[in-house]
Amino acid sequence: MSKGKITYTRPFLYPYQKDILDAPERYTVTEAATKIGKTASHIIWLFEQALQIKENQSVWWVAPIYGQAEIAYKRMKAQITDRNFFRANDTKLTLTLPTGAIIAFKSAERPDSLYGDDVYAAVFDEFTRAREEAWHALRSTLTATNGRCKFIGNVKGTKNWGYKLAMKAKTGEPNHRYFKVTAYDAAKEGLLDIEEIEQAKRDLPENVFRELYLAEAAEDGANPFGLRHIQQCVYDLSISHPVCFGIDLAKSTDYTAIVGLDRNGNTCYFDRFQKDWRQTIDTILNLPDAPIKIDSTGVGDPIVEEVQRKRQGVTAFKFTQYSKQQIMEGLALAIQQRRITYPPGPIQNELEMFEFEYTRTGVRYTAPAGYHDDCVCALALAVDHHKESITMGAYSWA
């Protein structure tokens, strides 16, 4: 380092670390195994962001509790070869660069304390273990600066806001990018010992191992299908001809989803789109010749009537709490018995996010607030139609 100039060379990074740090999206969400270098790599990224800002401007490292923020603070100090480079404040957990830029390490324990500042970049460490209100506060600090944020953490069940954020990134939310790093990914790079991973697998309960080493959310009973069962049914699209279709029509900001099954219950046709009603009707009318079961709830009713006037074999289905419960339980049985398959992507992602809850009027099946269930509903309609055809002897399961 010379006066008025900082010479910086990026430290060594493993390929998966570089992919995360160099992603152009504003938000990256990384679900990662333990001890794969997520803290060390993101310390590098935050330091690089600090090099790009001016005097009295700041970047933040936010952790669920003070102790975790302090660990990251000490690690950043230790990672800099020139110990006199920073002006450190151990009480406030701040590091000030020669340029006057500030790196602050914050606790998310009291979200209200995060409001007020303008932050130019942030890392939210162990975000799945922090309160959602802390993200709301942090998000407000990034607004004026259009600052970027990187979320890193272990998986912690499926009922926290962090898991839902990860699923949103995974399903293609604009300006978001999803990453998953397992212990085996780190072992391939030589960062972890494969025998240590296998020993942990023997030592730990399965759900704990899957979360900490495979970055897989533990089953928590809220998903009616079972996450492992969902994964077991994921295959490429079948090339066979469809024997039935299930269609869930768009409502407001939702998508229209179309799922076609072949005679063996494999998904052989899938489409998901947002179009006006005329284009939607034309798309449906141009589907390959096969019976259709289509959502006629609410605004879908006149659409279905027009399709029925122009095409044979179209059955209307109205979603109520009771009728939805019936076809979702049928879908759950088909998935758990591996009688259907579907491709990776939106169908699988929505199935993994899907929830049920007990209410005073029965069981309610739906996607979490702010998420979609169009693909799940279309698949359920297709499976229900397929089952009816089996009952009538039109064809049979493989």
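Amide H contacts of residue 238: 267, 268, each under 5 Å away and 5 or more positions distant or on a separate chain (H built 1.01 Å from N in the peptide plane; Pro and chain starts excluded).
Note on the chain: GNM, Cα springs under 10 Å; of 210, 202, 131, the largest mean-square fluctuation is that of 202. Once the other residues with Cβ under 11 Å from the Cβ of residue 386 are scored (Lys, Arg +1; Asp, Glu -1), what is the net sum? Neighbourhood net charge equals +1. Computed over the stretch 228-391, relative contact order equals 32 percent, with contacts defined as Cα pairs under 8 Å that lie 6+ residues apart. Helix screen, the chain: DSSP H segments with Cα axial length of 24 Å or more and mean Kyte-Doolittle hydropathy at least 0.0 are 374-391.
Residue 126 sits among other residues whose Cβ lies under 10 Å from its own Cβ, and their net charge, with Lys and Arg +1 and Asp and Glu -1, is +2. The distance linking the stretch 163-183 with the stretch 1-69 is 19 Å (Cα centroid to Cα centroid, whole angstrom).
With contacts taken as Cα pairs under 8 Å and at least 6 residues apart, the stretch 55-180 reaches a relative contact order of 25 percent. Close amide H contacts of residue 32 (hydrogens built in the peptide plane, cut-off under 5 Å, sequence separation of 5 or more or a different chain): 153, 154, 155, 181. Bridgeable aspartates and glutamates around residue 318 (alpha carbons under 12 Å apart, same-chain partners fewer than 8 residues away excluded): 248, 295, 301. Electrostatic tally near residue 105: other residues with Cβ closer than 11 Å to its Cβ, Lys and Arg +1, Asp and Glu -1, net +2.
Label separation (residue 71 vs residue 173): 2.5 nm, computed from points 7 Å beyond Cα along the C-beta direction.
If you take the alpha carbon radius of gyration of the stretch 165-283 and divide it by 2.2 N^0.38 Å, what ratio comes out, to two decimals?
Details: Rg = 19.7 Å, N = 119, 2.2 N^0.38 = 13.5 Å.
Compared with the compact-globule rule of thumb, the stretch 165-283 sits at 1.46.
Cross-link partners of residue 92 among lysines, defined as those whose alpha carbon lies under 28 angstrom from its own and excluding same-chain residues fewer than eight positions apart: 3, 5, 35, 38, 54, 74, 77, 106, 150. Among 239, 43, 102, which one shows the highest mean-square fluctuation when the chain is modelled as a Gaussian network with alpha-carbon springs under 10 Å? The residue that fluctuates most here is 239. Relative contact order of the chain: 15 percent, from C-alpha pairs under 8 Å at least 6 residues apart in sequence.
Express the C-alpha Rg of the chain as a ratio against the empirical globular expectation 2.2 N^0.38 Å, rounded to two decimals.
Expressed relative to 2.2 N^0.38 Å, the Cα Rg reads 1.17.
Could you compute how fast the stretch 15-214 diffuses translationally, taking Rh as the Kirkwood radius over C-alpha pairs and applying Stokes-Einstein at 10 °C with viscosity 1.306 mPa s? Give it in µm² per second. Answer, rounded: 92 µm²/s.
Read-outs: derived from the displayed coordinates by stated rules, not from any lab. Since this is a predicted model, take the numbers as computed values, not measurements. In this analysis, Cβ positions are derived from the backbone assuming ideal geometry, glycine residues included, and neighbour counts consider all displayed protein chains.
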